[in-house]
Structure formats: structure tokens, C-alpha cells
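Below: one structure, written as C-alpha cells.
The values are calculated or read from the model by the stated rules, or taken from the named source; none is laboratory data. Every value quoted in this text rests on a predicted model; they were computed, and no experiment measured them. Cβ placement follows ideal geometry from the backbone for every residue including glycine, while neighbour counts extend to all protein chains displayed. What goes into the accessible areas is simple: the full protein's heavy atoms, side chains included, and nothing from ligands, DNA or RNA. Shrake-Rupley method; radii C 1.70, N 1.55, O 1.52, S 1.80 Å.
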Amino acid sequence: MQQYSGFGLLKHSLSYHENWQRVWSNPTPKKHYDVVIIGGGGHGLATAYYLAKEHGITNIAVIEKGYLGGGNTARNTTIVRSNYLWDEASHLYEHSLKLWEGLAQELNYNLMFSQRGVLNLGHTLQDMRDIERRVNANRLNGIDGEVLTTAQVQEMVPILDCSKGARYPVMGASWQARAGTARHDAVAWGYARAADALGVDLLQQTEVTGIRRKDGAVEGVETTRGFISAGKVACVAAGNSSVIAKMVGMELPLESHPLQAMVSEPLKPILDTVVMSNHVHGYVSQSDKGDLVIGAGIDGYVGYGQRGSFNVVEHTIAAIIEMFPIFSRVRLNRAWGGIVDTCPDACPIISKTHIKGLYFNCGWGTGGFKATPGAGHVFAHTIAHDDPHPLAKPFSIDRFTSGELIDEHGAAGVAH
Amino acid sequence: MLHIHCPYCEEMREEEEFSPAGQAHIQRPLNPEELSDEQWARYLFFRKNPRGLHHELWLHAHGCRKYFNMTRNSVTYQIMETYKMGAKPSITASEEGQS
């Protein structure tokens, strides 16, 4: 793998940048892989990378029906944080945040990871009680967090309407300084490049159409490029997880919903942190390019169409304008939707199944991006050892039968 | 935005008047104390979540406030039909069967 550096940039400028190595190869599928990963998004690529790097399994294929990182990895609002309420969830997300902190160096790829902090606003007394509870829980779990007063919030974000006359006055906020944003495409590309260098085959434009089984164990996958035999099959298909599960006659406790987001025209720097509000339901940050990145809520109906209804966008914009009146005449540039697989308890499923050699990492709902490194890491362990990683154990699919749900609904800063 | 025909109001109305309530035709078990944990989990949490035709429950929240059923394509979002509670859908995907 060609190392990237400032010096390399200078060197290649002498040859007009015409001799850069291809970032990853485009291999022909082999007949057999030890592990086949279905889904070439951030989570799938991270899983492949950690399997190769930490568990010595390099005969891996990542099968992607479109192009790498073209699904939810490219559609989220790039927020990374770990201030979840329950121990199980906060340990998993904090594991991920710790990996984020050294990831750009590890992958030798600029992820534009920016720990600019995340504010979760409180607008009611109950909000503030929940915030205090969550910050205290975070600190007991060794995760940084602070409760801020209205004056402190106003000082941090002068353009936020903190006046008493606001429809939902800001009463305070929680603040996680180590949280922030990262460039979402770069994460997929960085993992893909590193995995490719370790010998992982990235098979794009290849769709899985079936999963072949024999005596209760997986044998391989049928694809649009023929049958590929596999020792283990790991499904990381996000919104399409139920479609994959149906191939083996399984149902999952998931519903796929459209989730919308949008960006404005590029502006000069005006917002240097991430502001989220659960109560009015909107969140916004400013990208390095200058556009405001705004996230909406999910559409309530089941949808695979990667688009949602306009009233959801309208509701979100109303909330953003309420918080930031200064944005009222900013024009939106683009809006889009992705399909998120939501779980009844708003926590993911990282699990073995009753079929030997079949694993699922799904159900991340609206908050999977921040977990990309951590999820890949613990899922790789689960696959390699055929035994859940200690951090992944509480997220087994069995929790829906045993009743040990991890209810993160609204307990996190915002419904996402 | 969806344009929905309420089978009780017998009118086309805007999506904002309605709220979706998930998969339709899920029956509450009649013999709850005889059910295993697996069967309860299936009833409470596990869903078809199909990519294609979906029979689902909607509430006309800002209208007649009645629940009704809808058959909709979950990819194109095209609404095939809406029908009253207790009625059977006339359009079903053959491979899916009817639950």
C-alpha cells in the first residue's frame, strides 16, 4: 500500500499527480472465501479490516451490490459521540470513539475527524433532569460529559436563540467535548484501502441473491456473478437486513424506515460545534466545506425507497429556524434519504444466529455511523471466534426472547 | 408526500392527517399463558419488514381517528388499496402469502 504523506503529495505534484497508485483493486471473485461479508459500507469494510488485521483471516470477500460506502455511510450526518445512557450501549459507543481517536493514523487516511464537541439541548425541566442523569451515568462509565447552563451554552454558540421569548427556551445542555464529526466517505474509503492491502477482495457491483445452506450451516452465497462458497457469512446490510434474513427464512425484529438529511449552500464558518435538540427534534453542524448539515427524523412508515415525505423535512427545518433564526434565509442545496433498520429498543443487533456460520450486524437504526470502528471491531471478534465479543454480548438477538432489552429510546441525546 | 384514501371518510386526504402504526393483521394471542418466550417475542417484536408489498396499519389521527389497513409498495411507496379493519386485502404478493 502506498503511504500517504505531505512529502508524497509534493513528490507527486512533480509528475502532475498522474502516477498515484489505485486505492484498491477490482478482483474477480474466487471460488471460496473463509468469510463473506454482505454489504460494503463502513461497518462491513471495518469488519473485514479487523478480521484481517487482528484475527489473521485474510481470505475474505466484501460483497457490495452498488459501490463501496454508497448507502447509509454516505447519507448520514457524520456525528460521532458516545454519551449514551445505559452501560451496555455507552461501553460499545465509547469503545468506538476511542478507536476513532487514533483511526486516521492507523489507516494512513485523512478522515477529517474533528472533535468539536456535541451539545444536547434541554428545553424543559424533564429534559434537564434526563441530561443530568445521563451526564452522571456517562462520567461513572469514564466518558467525558458536562451539564451546561443557558449562559454557558449562549457563550459557546452565540447564534443560538437562548432568549426567554423562544417558543421552547433553552434551559441548558449536556456537552461532550470529545465528540464531533468525521468525513463519512473517507471512513469507508480508508477501511477499504487498508483491507485491500491486507488481501481482502472487495467485490463491487455484485448482489447476493441467495444463501446456500447444508445441515443447518451456511455453505456460501449465490450472487449475480455466480455461486461463492464460504465458511462463514456475515450480513452487514443495514436497511436491507430483513431482505437477507428472508433468504434463509428468518424474520428479524426490525423495521426499515426512510431517514432524511439535507445540506445548505456553503457558508463562511458560523457554527464550530454540533448542536442537537431532542425536544424540538433537529440537529445541525457545519462541514469543513461550509454547508450546514441538518438531520431530520425518520418517516413512520416502512420504506425501502431511500426517500421520505416532505412534511418531515418541513418539521425539521421549523425546529432549526426556531433554534437559529439567523439561518432563516439560508438556501438548502440538497436533501436525500437513506433506509435505516430500527430495532424496538433502539439498540443494534450484533449476533450469531441459529444457523451455523451466519452472523448479523444490523438494527443500528439512526445512529450507526458513529459506531463504525467499534462495531466492525467487535463483530470481527464475534465472527473469528464464533463467540460474541464481551462488548457485543448484550446485543445478541436473543435479548428479544429473554426480555433483556437495552432501552435507549430518547435516553440518548436525540432520538438518533 | 402520500395521498391517502381513508376507507371510513371515503375521501382522499393528505399524509399529515395520518400516522402509520406498523404491520397489519397481527393478532394478539388468545391463549397468552400458554405461549413460550419465543412465541411472545415473535408477536411483540419480529416483523416481516418486506421489500415490496406491505400490509400495514394506519390511523387517521387528525380525521375520523379510526384505524384502517393499507396495502402499499415499500419501494415505490405506491398505495395499492386501503381497506377497513377486519377486511381482507384483495391484493397480495403470491410468494408472501397472507398473514
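Summary of computed values
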{"read-out": "A:ILE321-A:SER5 pseudo-label distance in nm [points 7 Å out on the Cα-to-Cβ vector]", "value": "5.2"}
{"read-out": "Folded to 0 to 90 degrees: helix A:184-197 orientation relative to chain A principal axis, Cα", "value": "20"}
{"read-out": "For A:297-307, mean number of other protein chain Cβ atoms within 10 Å", "value": "6"}
{"read-out": "Protection-proxy order for peptides A:272-280, B:39-47, B:80-88, each taking the mean of Cβ atoms within 10 Å per residue, highest first", "value": "A:272-280, B:39-47, B:80-88"}
{"read-out": "Protection proxy ranking, peptides A:147-159, A:25-37, average beta carbon neighbours within 10 Å, highest first", "value": "A:25-37, A:147-159"}
{"read-out": "Degrees, to the nearest 10: A:310-323 long Cα axis against longest axis of chain A", "value": "50"}
{"read-out": "A:HIS95 - accessible surface, heavy atoms, 1.4 Å probe, Å² rounded to 10", "value": "40"}
{"read-out": "For the stretch A:213-273 and the stretch B:33-99, distance of Cα centres in Å", "value": "23"}
{"read-out": "Given charges at beta-carbon only (K, R positive; D, E negative), |dipole| of the stretch A:1-63 in Debye", "value": "120"}
{"read-out": "Heavy atoms of A:THR181: accessible area, 1.4 Å probe, square angstrom to 10", "value": "10"}
{"read-out": "Residue with peak Gaussian network fluctuation, chain A [Cα springs, cutoff 10 Å], from A:LYS246, A:LYS370, A:LYS268", "value": "A:LYS268"}
{"read-out": "Three-way shape label, the stretch A:1-91, alpha-carbon gyration tensor, a/c 1.5", "value": "oblate"}
{"read-out": "Equivalent ellipsoid semi-axes - Cα gyration tensor, the stretch A:135-275, angstrom", "value": "45, 19, 17"}
{"read-out": "Two-decimal Rg to Rh for the stretch A:296-401 - Kirkwood Rh, Cα set", "value": "1.11"}
{"read-out": "Averaged over B:48-60, number of beta-carbon atoms from partner chains that fall within 10 Å", "value": "4"}
{"read-out": "Interface size A-B, as summed buried accessible area [1.4 Å probe, Å², nearest 100]", "value": "2300"}
{"read-out": "Cα gyration tensor category, rounded, prolate or oblate, for chain A with a/c compared to 1.5", "value": "prolate"}
{"read-out": "Helix-only [θ]222 nm of chain A, DSSP H runs n ≥ 4, -39500 (n - 2.57) each, per residue, nearest 500", "value": "-9000 deg cm²/dmol"}
{"read-out": "Average Cα contact separation per residue, chain A, under 8 Å, 6 or more apart, as relative contact order %", "value": "23"}
{"read-out": "Accessible area of the protein assembly as shown belonging to carbon and sulfur atoms, whole % at 1.4 Å probe", "value": "51"}
{"read-out": "Surface accessible to a 1.4 Å probe, per residue, for the residues of the protein assembly as shown, Å²", "value": "44"}
{"read-out": "Distance (nanometres) between label positions extended 7 Å along Cα→Cβ at A:ASN333 and B:THR76", "value": "3.4"}
{"read-out": "Degrees separating the helix A:87-107 axis from the principal Cα axis of chain A, which is the longest one", "value": "70"}
{"read-out": "Shielding score for B:36-47, defined as the mean number of other chain Cβ atoms within 10 Å", "value": "5"}
{"read-out": "Cβ charges +1 (Lys, Arg) and -1 (Asp, Glu), total dipole of the protein assembly as shown, debye", "value": "860"}
{"read-out": "The stretch B:18-99 - percent relative contact order, Cα under 8 Å, separation 6 or more", "value": "27"}
{"read-out": "Backbone HN-Hα couplings from phi across the stretch B:2-11 [Karplus 6.51/-1.76/1.60, Hz, Gly and Pro as x]", "value": "7, 10, 10, 8, 7, x, 8, 6, 6, 9"}
{"read-out": "Per-residue SASA entry for A:GLU314, accessible area with 1.4 Å probe, Å² rounded to 10", "value": "100"}
{"read-out": "GNM top mover of A:ALA371, A:ALA46, A:ALA319 - chain A, alpha-carbon springs below 10 Å", "value": "A:ALA319"}
{"read-out": "Of A:ILE38, A:ILE228, A:ILE63, the one that fluctuates the most in a GNM where chain A has Cα springs shorter than 10 Å", "value": "A:ILE228"}
